[in-house]
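The values are calculated or read from the model by the stated rules, or taken from the named source; none is laboratory data. Not measured: the values here are computed from a predicted model. Note: ideal-geometry Cβ built from the backbone for every residue, glycine included; neighbour counts use all protein chains shown.
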Amino acid sequence: MRRKWGSNRALIAMGDTSGMRMKSFIAVAAVALSVALSGCTTDGGSIFTSNYGSVRDAGYQLPAIPIYKVDRKYHRQIVNYSTKEKPGTIIVDTGAKHLYFVMKDGKAMRYGIGVGKEGFEWSGTARIALKREWPVWTPPAPMIKRKPELAKWRGGMPPGLNNPLGARAMYLYNKGGDSGYRLHGTPEWFSIGKAMSSGCIRLMNQDIIDLYSRAEVGAKVIVK
């Protein structure tokens, strides 16, 4: 035993650091595994998430989104973003189909969105006046006129997996009061990156849940 101990001391004295290298390798591997398990990867300085799995929320089981079918630029991700607006502000770029939640240190959380179809586009500044989890959807009168089959929901469509407002809604008000526009979820994940709505800004349900947890009532919303 003494001879073996002496041999180990000699190896250390000679600079044998294989054990230390192994520990470093294990530490790096652990970090990589942690990132992989959280569903995040890095690419060009941005942090992407692939965490769009099934979610149990308020008694509802949101189905997983086949995120591989959605263009990666519309995945939720932290990006570099230069703006004079303060953290907590939401900036909607309808042309690029992106929504930015402004963060500190020149960063923003970016989400892919669906926007108003031709004839329903809008721009301006508003604020979040109300926030609702699993909201009731009430089609406005002009929409019912265009689509009479929606008259059955004149009194409101109950919350649920097929509700057009999805898992969350944030109601936008301006100086004139309720603008009629919302930031909301949608079960139609395939509409992200497209112009299909009646003017509201829609996000994948997993994304609206994330944005809802960050945005505060009173937050400034800029749509351009």
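A few remarks follow.
- Residue in the stretch 117-129 that is over 19 Å from the mean Cα position of the chain (by Cα), small (Gly, Ala, Ser) and under 22 Å from residue 190 (Cα atoms) present: yes
- Matching residues, the stretch 188-214, being at negative phi, assigned to a loop (DSSP other than H, G, I, E, B) and surrounded by fewer than 20 Cβ atoms within 10 Å (Cβ to Cβ): 188, 194, 198
- Residue within the stretch 97-109 that is on the phi > 0 side of the Ramachandran plot and of a type in the set (Asp, Glu) present: yes
- Residues that are within 13 Å of the chain's Cα centre (by Cα) and over 15 Å from residue 189 (Cβ atoms) were ranked within the stretch 47-64; the one that is surrounded by the most Cβ atoms within 10 Å (Cβ to Cβ) is 48.
- Subset tally (residues that are assigned to a strand (DSSP E or B) and without any contact (Cβ under 8 Å) to a residue 12 or more places away in the chain) for the stretch 155-187: 1
- Yes/no for residue 139 being touching a residue at least 12 places away in the same chain (Cβ under 8 Å), within 19 Å of the chain's Cα centre (by Cα) and in a loop (DSSP other than H, G, I, E, B): no
- Of the residues making up the stretch 95-132, just one is among the β-branched types (Val, Ile, Thr) and surrounded by fewer than 19 Cβ atoms within 10 Å (Cβ to Cβ), namely 125.
- The single condition among (1) out of contact with any Leu (no Cβ under 7 Å at 6 or more places or on another chain); (2) within 15 Å of residue 200 (Cα to Cα); (3) aliphatic (A, V, I, L, M); (4) modelled with pLDDT of 95 or more that residue 113 does not meet is (1).
- Residue under evaluation residue 183, criteria (1) at pLDDT below 95; (2) touching a strand residue (DSSP E or B) at 6+ places or on another chain (Cβ under 8 Å), criterion not met: (1)
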